[in-house]
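Okay, so here's the structure we're looking at.
The values are calculated or read from the model by the stated rules, or taken from the named source; none is laboratory data. It should be emphasised that the depicted structure is a prediction, and the values quoted were computed from it without experimental measurement. Please note: Cβ atoms are built from the backbone with ideal geometry, for glycine as well, and neighbour counts cover all protein chains shown. Keep in mind that these areas ignore ligands, DNA and RNA; they rest on the heavy atoms of the full protein, side chains included. Shrake-Rupley method; radii C 1.70, N 1.55, O 1.52, S 1.80 Å.
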Amino acid sequence: MIPLRDDIDSETYPFVNWALIAINAYIFYLELKAGKSTGLQHFINKWGVIPVHLFHDPKIYWYSLVTAAFVHGGWMHIIGNMLFLYIFGRNVEDRMGHLKYLIFYLLVGMIANGTQAYLSATSKLPLVGASGAIAGVLGCYFFYYPYARIMTLITFGFFTRIIEVPAFIFLGIWFLLQTLNSTAFLAAQSSIHQATGGVAWIAHASGFVAGLIMAPFFGEQRDRFK
């Protein structure tokens with residue numbers, strides 16, 4: 001399922017959300033430049049979360065819990081993340097207010113990355129991506145706008161259709177998939193006693209839960225019929 005837009009009109013201009021998108025895009029540009037000079041891996045290692053380093057010396061590497069949320073692993077990674085941030089972030093910012101939204105975004109990103117790193121504490125693989133922070137935004141959206149309509153592109157083989165899906169269904173399915181994949185990740189961890197690479201499913205699931213829990217402290221739920 002690919003979200004295309006929602007039916008909520010923001011009352012304020014989401015300049016913080018646009019700024020976050022712009023920062024992510026600029027840092028990805030720096031990654032592309034580093035890649036041309038074979039310095040990409042160094043860039044990712046420096047700014048991503050490397051769990052074994054974080055827990056060996058958290059006083060030095062704590063910053064990576066924030067910076068990792070602005071580093072991405074490729075074009076599809078950043079395009080997918082920024083699409084979700086654009087669609088869902090603007091109305092969450094509208095509900096919270098600009099400063100609260102910025103604080104929330106950075107905080108939930110740290111929580112999501114920290115949870116993923118904690119459950120992969122012996123891994124030397126860097127964790128990168130805004131997915132955990134954006135998952136927190138989705139958790140807030142689920143709380144604030146459960147009855148919003150999400151225009152969604154559904155693809156299944158040659159079948160393609162655009163339909164409207166209630167936010168609580170769209171995000172509920174999204175969260176279920178993250179939870180199932182997180183469970184599979186933990187099962188793999190216990191069987192091989194080391195971290196695996198790939199998508200940070202736990203960051204997604206934990207970010208969503210953190211956002212859902214924190215949402216009432218940052219703004220009010222949208223009334224069902226407004």
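Pick out the one residue from ILE27, ILE44, ILE60 that is in contact with a Pro (Cβ under 8 Å, 6 or more places away or on another chain) and closer than 27 Å to ALA121 by Cβ. It would help to see each step written out before you state the result.
Numbers: ILE27 fails: in contact with a Pro (Cβ under 8 Å, 6 or more places away or on another chain); ILE60 fails: in contact with a Pro (Cβ under 8 Å, 6 or more places away or on another chain).
ILE44 is the lone residue from the list that is in contact with a Pro (Cβ under 8 Å, 6 or more places away or on another chain) and closer than 27 Å to ALA121 by Cβ.
In segment 32-59, the residues that are within 21 Å of ALA130 (Cβ to Cβ) and part of a helix (DSSP H, G or I) form Cβ pairs under 9 Å with partners that are open to solvent by less than 100 Å² (accessible area, probe 1.4 Å) and acidic (Asp, Glu), at six or more places apart or across chains, as follows: LEU40/GLU31; PHE43/GLU31; ILE44/GLU31.
Considering (1) touching a strand residue (DSSP E or B) at 6+ places or on another chain (Cβ under 9 Å); (2) of a type in the set (A, V, I, L, M); (3) open to solvent by less than 50 Å² (accessible area, probe 1.4 Å); (4) not in a loop (DSSP other than H, G, I, E, B), the lone condition that ILE8 does not fulfil carries the number (4).
Looking only at residues that are open to solvent by 80 Å² or more (accessible area, probe 1.4 Å) and of a type in the set (A, V, I, L, M, F, W, C) in segment 43-60, which one is nearest to THR115 (Cα to Cα)? Filtering first and then ranking leaves PHE55. The requirement of being open to solvent by 60 Å² or more (accessible area, probe 1.4 Å), part of a helix (DSSP H, G or I) and over 30 Å from PHE156 (Cβ atoms) is satisfied by ILE23.
Filter segment 103-125 down to residues that are over 14 Å from the mean Cα position of the chain (by Cα) and not in a loop (DSSP other than H, G, I, E, B) and give me whichever is surrounded by the most Cβ atoms within 10 Å (Cβ to Cβ).
We begin by selecting, within segment 103-125, every residue over 14 Å from the mean Cα position of the chain (by Cα); these are 103, 117-125.
Then keep just the ones that are not in a loop (DSSP other than H, G, I, E, B); that gives 103, 117-118.
Numbers: ILE103: 14, ALA117: 27, TYR118: 13.
The extreme case among them is ALA117.
In this entry, TYR63 is excluded by the filter for residues that are at pLDDT 95 or above, in contact with a helix residue (DSSP H, G or I) (Cβ under 9 Å, 6 or more places away or on another chain) and either among the aromatic types (Phe, Trp, Tyr) or open to solvent by 40 Å² or more (accessible area, probe 1.4 Å) (or both).
Looking only at segment 50-66, which residues are under 19 Å from the mean Cα position of the chain (by Cα) and hydroxyl-bearing (Ser, Thr, Tyr)? Listed by number, the residues that qualify are TYR63, SER64. If you go through segment 138-172 and keep only what is open to solvent by 10 Å² or more (accessible area, probe 1.4 Å) and aliphatic (A, V, I, L, M), you end up with MET151, LEU153, ILE154, ILE162, ILE163, VAL165, ILE169.
In segment 77-84, the count of residues that are over 11 Å from the mean Cα position of the chain (by Cα) and buried (at least 23 other Cβ atoms within 10 Å of the Cβ) is zero.
Hey, among GLY73, GLY129, which residue is in a loop (DSSP other than H, G, I, E, B), small (Gly, Ala, Ser), open to solvent by 60 Å² or more (accessible area, probe 1.4 Å) and modelled with pLDDT under 95? Step through it out loud before you land on a result.
Numbers: GLY129 fails: open to solvent by 60 Å² or more (accessible area, probe 1.4 Å).
Unique residue meeting the criteria: GLY73.
With respect to LYS100, determine if the residue is without any contact (Cβ under 8 Å) to a residue 12 or more places away in the chain and of a type in the set (Lys, Arg). The answer is no for LYS100.
What residue, of LEU40, LEU30, is open to solvent by 40 Å² or more (accessible area, probe 1.4 Å), in contact with an Asp or Glu (Cβ under 7 Å, 6 or more places away or on another chain) and at pLDDT below 95? Full working, then the answer.
Values: LEU30 fails: in contact with an Asp or Glu (Cβ under 7 Å, 6 or more places away or on another chain).
Only one candidate passes the filter, namely LEU40.
Going residue by residue through segment 96-114, is there one that turns out to be at pLDDT 95 or above and touching an Asp or Glu at 6+ places or on another chain (Cβ under 8 Å)? Yes, some residue in segment 96-114 is at pLDDT 95 or above and touching an Asp or Glu at 6+ places or on another chain (Cβ under 8 Å).
Cβ-Cβ distances below 7 Å connect the following pairs, each with a first residue in segment 61-81 that is closer than 16 Å to TYR29 by Cα, a second residue that is in a helix (DSSP H, G or I) and open to solvent by 40 Å² or more (accessible area, probe 1.4 Å), and a separation of six or more residues or different chains: THR67/TRP47; ALA68/TRP47; PHE70/ILE23; VAL71/TRP47.
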